[in-house]
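Undergrad: Below: one structure in structure tokens.
The values are calculated or read from the model by the stated rules, or taken from the named source; none is laboratory data. None of the values given here were measured: they were computed from a predicted structure. We place every Cβ from the backbone using ideal geometry, glycine too, and count neighbours over all the protein chains shown.
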Amino acid sequence: MTEHAHLDHAGLVIVDKPAGITSHDVVSRCRKAFNTRRVGHAGTLDPMATGVLIIGIERATKLLGLLSLTTKSYTATIRLGVATDTDDAEGAVVRTVAADGVRDEEIAAAIGDLTGDIKQVPATVSAIKVDGKRAHALAREGEEFQLEARSVTVSRFDVLDTRRGTGVIDLDVEVDCSSGTYIRALARDLGVALGVGGHLTALRRTAVGPFTLEHAIGLDALEADARLSLHIDEAARIAFPHRAISADEAEGISQGRWLDPVGMSDVYVVIDPQDHPIALVREKGRRASSVMVVRPATLR
């Protein structure tokens, strides 16, 4: 396959991940579907979870580490009255306390305390490293350890539906939050605050940064007809602020030279007069230097 063909087929696939498989499983299946080893993912989803998983194909794998995926949105179901050792439905039940007496106003007040800028202890089965090992691996081995609370932001935590059963309450919720927020930990902490325990029974990610379920393609559909959700040009335009540059500047930046800074913060995309994204750039001091060339000079 030629370098030019790599660019033609480079881009992002927004996969609507099904339940029951890992994010790595999705990468493996995309490698087969697109017939390339150059596949990566951003923003892992647990096997139980469904929804938006960002996959990079060919040259767009280089985009993944630069994407500003600082906000995420979810729909979820929280069961109050039962706590598990993983804070979700795949774990073993460790505590049951009848939740029948918990009032809607109490739930609303506890949710209010878990909204905004909060400190959250991640789930013990998270991928956070403790002394070089993943927390979930230590948990499976029965090791005792304590994860540090981290600052996260929950900008929205809304209850869509409340269903009361025998001893349990199921809450369908929508959550908008910062990257690094664990929804299962919200379920756990809500149950703790109400004195009855809680865990997550369903989780669907509806958005990661600017990428939503509207962009998403089911895995079976991808395997039947491998196609990009967004070409690398579209992905760069959607994900980063823009700066227009001249043809001469485009030629220079694509060959490793730098631009004069214009006071833009963070990574942005520079776009040539033909509306092609040329490179991702970051300003430092008196230079605006490329952190990734989207379209090398040989491909334009």
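Undergrad: Return the pairs, sorted by first residue and then second, in which the second residue is among the aromatic types (Phe, Trp, Tyr), the first residue lies in segment 229-247 and is more than 22 Å from ASP8 (Cβ to Cβ), the beta carbons are less than 8 Å apart, and the residues are 6+ apart or on different chains.
TA: Short answer, once both residue conditions are applied: PRO241/TYR268; HIS242/TYR268; ARG243/TYR268.
Undergrad: Could you list, in sequence order, the residues of segment 51-73 that are surrounded by fewer than 23 Cβ atoms within 10 Å (Cβ to Cβ) and in a strand (DSSP E or B)?
TA: Of everything in segment 51-73, those that are surrounded by fewer than 23 Cβ atoms within 10 Å (Cβ to Cβ) and in a strand (DSSP E or B) turn out to be THR71, LYS72, SER73.
Undergrad: Output the residue which, of all residues in segment 220-259 that are part of a helix (DSSP H, G or I) and among the charged types (D, E, K, R), is farthest from GLY20 (Cα to Cα). Spell out the reasoning first.
TA: Narrowing segment 220-259 to residues part of a helix (DSSP H, G or I): 220-224, 232-239, 247-254.
If we keep only those that are among the charged types (D, E, K, R) too, we end up with 220, 223, 233-234, 237, 248-249, 251.
Values: ASP220: 14, GLU223: 17, ASP233: 32, GLU234: 31, ARG237: 33, ASP248: 51, GLU249: 48, GLU251: 47 Å.
This residue is ASP248.
Undergrad: Picking from THR44, THR36, which residue would you name as being part of a loop (DSSP other than H, G, I, E, B), among the polar types (S, T, N, Q) and surrounded by fewer than 17 Cβ atoms within 10 Å (Cβ to Cβ)?
TA: Values: THR36 fails: surrounded by fewer than 17 Cβ atoms within 10 Å (Cβ to Cβ).
Matching residue, one of THR44, THR36: THR44.
Undergrad: Can you pull out every residue in segment 181-218 that is closer than 21 Å to GLY40 by Cβ, of a type outside the set (Gly, Ala, Ser) and crowded, with 19+ Cβ neighbours inside 10 Å?
TA: If the condition is that a residue be closer than 21 Å to GLY40 by Cβ, of a type outside the set (Gly, Ala, Ser) and crowded, with 19+ Cβ neighbours inside 10 Å, then ARG205, VAL208, PHE211, HIS215 are the ones that fit.
Undergrad: Taking the conditions exactly as written (crowded, with 19+ Cβ neighbours inside 10 Å, within 15 Å of the chain's Cα centre (by Cα) and over 29 Å from PRO277 (Cα atoms)), does ASP87 satisfy them or not? Don't jump to the end; show me each part of the working.
TA: On the way: crowded, with 19+ Cβ neighbours inside 10 Å: yes; within 15 Å of the chain's Cα centre (by Cα): no; over 29 Å from PRO277 (Cα atoms): yes.
Answer is no for this residue.
Undergrad: Any residue at all in segment 29-47 that's within 30 Å of ASP189 (Cα to Cα) and of a type in the set (A, V, I, L, M)?
TA: First pass over segment 29-47, keeping only residues within 30 Å of ASP189 (Cα to Cα): 41-47.
When the remaining residues are screened for being of a type in the set (A, V, I, L, M), the result is 42, 45.
Checking segment 29-47: at least one residue is within 30 Å of ASP189 (Cα to Cα) and of a type in the set (A, V, I, L, M).
Undergrad: So, one more: As an exercise: evaluate ILE271 against (1) at pLDDT below 95; (2) crowded, with 20+ Cβ neighbours inside 10 Å; (3) touching a Lys or Arg at 6+ places or on another chain (Cβ under 9 Å) and give the number of the one condition it does not meet.
TA: Of (1) at pLDDT below 95; (2) crowded, with 20+ Cβ neighbours inside 10 Å; (3) touching a Lys or Arg at 6+ places or on another chain (Cβ under 9 Å), only one is false for ILE271: (1).
Undergrad: May I ask you to list the residues in segment 251-265 that are of a type outside the set (S, T, N, Q) and touching a residue at least 40 places away in the same chain (Cβ under 8 Å)? Give the steps one after another, and end with the answer.
TA: Here is the first cut: in segment 251-265, the ones of a type outside the set (S, T, N, Q) are 251-253, 256-264.
Of everything in segment 251-265, those that are of a type outside the set (S, T, N, Q) and touching a residue at least 40 places away in the same chain (Cβ under 8 Å) turn out to be GLU251, ILE253.
Undergrad: Within segment 107-118, identify whether any single residue is exposed (fewer than 14 other Cβ atoms within 10 Å of the Cβ), at pLDDT 95 or above, part of a strand (DSSP E or B) and within 25 Å of the chain's Cα centre (by Cα), and answer yes or no.
TA: Filtering segment 107-118 down to residues exposed (fewer than 14 other Cβ atoms within 10 Å of the Cβ) leaves 108-109, 112-113, 116-117.
Subsequent filtering for residues that are at pLDDT 95 or above retains 108-109, 112-113, 116-117.
Cutting the leftovers down to part of a strand (DSSP E or B) gives us 116-117.
Within this subset, residues satisfying the condition of being within 25 Å of the chain's Cα centre (by Cα) are 116-117.
Within segment 107-118, one or more residues are exposed (fewer than 14 other Cβ atoms within 10 Å of the Cβ), at pLDDT 95 or above, part of a strand (DSSP E or B) and within 25 Å of the chain's Cα centre (by Cα).
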